[in-house]
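First up is the structure itself, then whatever we jot down about it.
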Amino acid sequence: MTASAAAFGILGSLVTACGSPESDGTTLRLVVPEYGNSPATSSKAYWDQLSAAFSAAHPGKKIEVTLYPWADVDREVTRMVSENNAPDVALMGAYSDFVAQDRLYAASEVMSIRTESNFLQPLAEAGSIRRNLYGLPFVASSRLLFYNKDLFEKAGAKPPKTWSDLKEAAEALKGEGVLYPYALPLGPEEALIWELSNGGGYTDAGGAYNIASEQNTETFRWIKDNLVTPALTGPVPPAQLDREDAFAAFLRGDVGMVNGYPSLLHEAKAKGIKVGTLRMPVSDTLGDGKVPPAAGVADWMMAFKREGNRELVGSFLNFVYEDKNLKEFAGRYKLLPSTVTANQDARNAADDPSAEQFLSALRTAELYPVDDPSWLQVSDTIKRNIGKAVAPGAEPKAVLEDIARQAEAASKDS
């Protein structure tokens, strides 16, 4: 998701840091990230509208909203919690470290049964620890492979179904002078997409980190030998290619293929780019008919325990997860709502046929191991180091083993 350069309407501190404030039961403090990329698209408009509607439906109650850029919101909420000044509700990228600190209400404590049971299954599973739902998925998306149809037609390339198909298409695109035949901004997300397509992933069946597995090692050796070394990933090394830069290049028509999410697809179509979408091509050795899960991503709402706030928090959560409110937010930013009923709106599918493709992938998607309290630290380690696995002269296995050691140490410390 795109983060703005600055926060809009950030509130001052409401209490001192000497102790966790007791709620008065009437004012809910909400911290959320900025999903827009300009004042015109700021999330502030949505939360202002929602706050007014909530107050109208609950006389005497109000919401005070603080927005932070996506790059800052996790850190700022963590700071508030460490200062015993947690908000009532926060929306951010991870939740499990707060569960480990016993800071969060379980969904069953603050949501109606109907609301709690309405989440899409893969999202509910990722938001649960010891069978209790703590991370409340708000909006989500899956990842598909995007390809520029005009560039493919010019190069005589075919939409790829396997890795060898992808390499063949990239070679044809390079032959036509395409700057980025396949754009690979290698970070946690792209790494997971590729690992899944070879039967691997970040964790094993028991949930333990398995970053240096045989499948993952094979994956990065293939990427290095077949895409990076032949210069099929463009002029910027994957370790240095920022995802937003890759997306911007796709919107300029300089990219043949890139893994993307719904909002990028809408931006591309708005610019007149003809885009094809398909599931991530799979390894040629994966086995006939085997369909690995797509990579899924969700943003998590969480309810912090404060004396006297439980009833107010419950009223807010049941309100914000009403279909009309959830679909309004998801529609603004071309994301998928997190609930079953909000995704059953037939009009959305009619207006945007691609929405069903993303939703279909999300229904069986594999998400980050956000239920592990160490994930934020491990995710940062992957982001900073995974690109080294495909660098010239590198041995992928050694790089993955180093990341795995750091992940294991972080997991033990959490």
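The values are calculated or read from the model by the stated rules, or taken from the named source; none is laboratory data. Everything quoted here is computed from the prediction, not taken from an experiment. Here the Cβ positions follow ideal geometry from the backbone for every residue, glycine too, while neighbour counts run over all protein chains shown. These accessible areas exclude ligands, DNA and RNA; they are computed on the full protein's heavy atoms, side chains included. Shrake-Rupley method; radii C 1.70, N 1.55, O 1.52, S 1.80 Å.
Taking first residues from segment 206-221 that are over 19 Å from G287 (Cα atoms) and modelled with pLDDT of 95 or more and partners that are assigned to a helix (DSSP H, G or I) and open to solvent by 50 Å² or more (accessible area, probe 1.4 Å), the Cβ contacts under 7 Å between residues at least 6 apart in sequence or on separate chains come to Y209/E408; A212/K397; A212/E401. Of all residues in segment 162-182, those that are farther than 20 Å from S197 by Cα and in a helix (DSSP H, G or I) have Cβ atoms under 7 Å from Cβ atoms of residues that are modelled with pLDDT of 95 or more and of a type outside the set (A, V, I, L, M, F, W, C), 6 or more apart or on another chain, in A172/G156; L173/P181; L173/G256; K174/P181. Among the residues making up segment 237-261, those that are in contact (Cβ under 8 Å) with a residue 24 or more places away in the chain and among the charged types (D, E, K, R) are D242, R243, E244, D245, D254. Only one of the numbered conditions (1) aliphatic (A, V, I, L, M); (2) outside any loop (DSSP other than H, G, I, E, B); (3) open to solvent by less than 50 Å² (accessible area, probe 1.4 Å); (4) modelled with pLDDT of 90 or more is not met by A398, and that is (3).
How many residues, within segment 251-284, are of a type in the set (D, E) and either in a helix (DSSP H, G or I) or buried (at least 19 other Cβ atoms within 10 Å of the Cβ) (or both)?
Within segment 251-284, residues that are of a type in the set (D, E) and either in a helix (DSSP H, G or I) or buried (at least 19 other Cβ atoms within 10 Å of the Cβ) (or both) number 1.
Just one residue in the set A155, A90, A71 is over 20 Å from K305 (Cβ atoms), within 21 Å of the chain's Cα centre (by Cα) and of a type in the set (A, V, I, L, M); that residue is A71. Does any residue of segment 158-179 turn out to be under 21 Å from the mean Cα position of the chain (by Cα) and under 17 Å from A246 (Cα atoms)? No: segment 158-179 contains no residue that is under 21 Å from the mean Cα position of the chain (by Cα) and under 17 Å from A246 (Cα atoms).
Are any residues in segment 290-346 closer than 22 Å to L144 by Cβ, assigned to a helix (DSSP H, G or I) and open to solvent by 20 Å² or more (accessible area, probe 1.4 Å), and if so, which ones? Selection gives K327, G331, R332, N343, Q344, A346.
So, in segment 12-57, of the ones that are of a type in the set (G, A, S), touching a helix residue (DSSP H, G or I) at 6+ places or on another chain (Cβ under 9 Å) and at pLDDT 95 or above, which residue ends up surrounded by the fewest Cβ atoms within 10 Å (Cβ to Cβ)? This residue is A57. Scanning segment 216-239 for residues that are on the phi > 0 side of the Ramachandran plot and open to solvent by 40 Å² or more (accessible area, probe 1.4 Å) turns up just one, A231.
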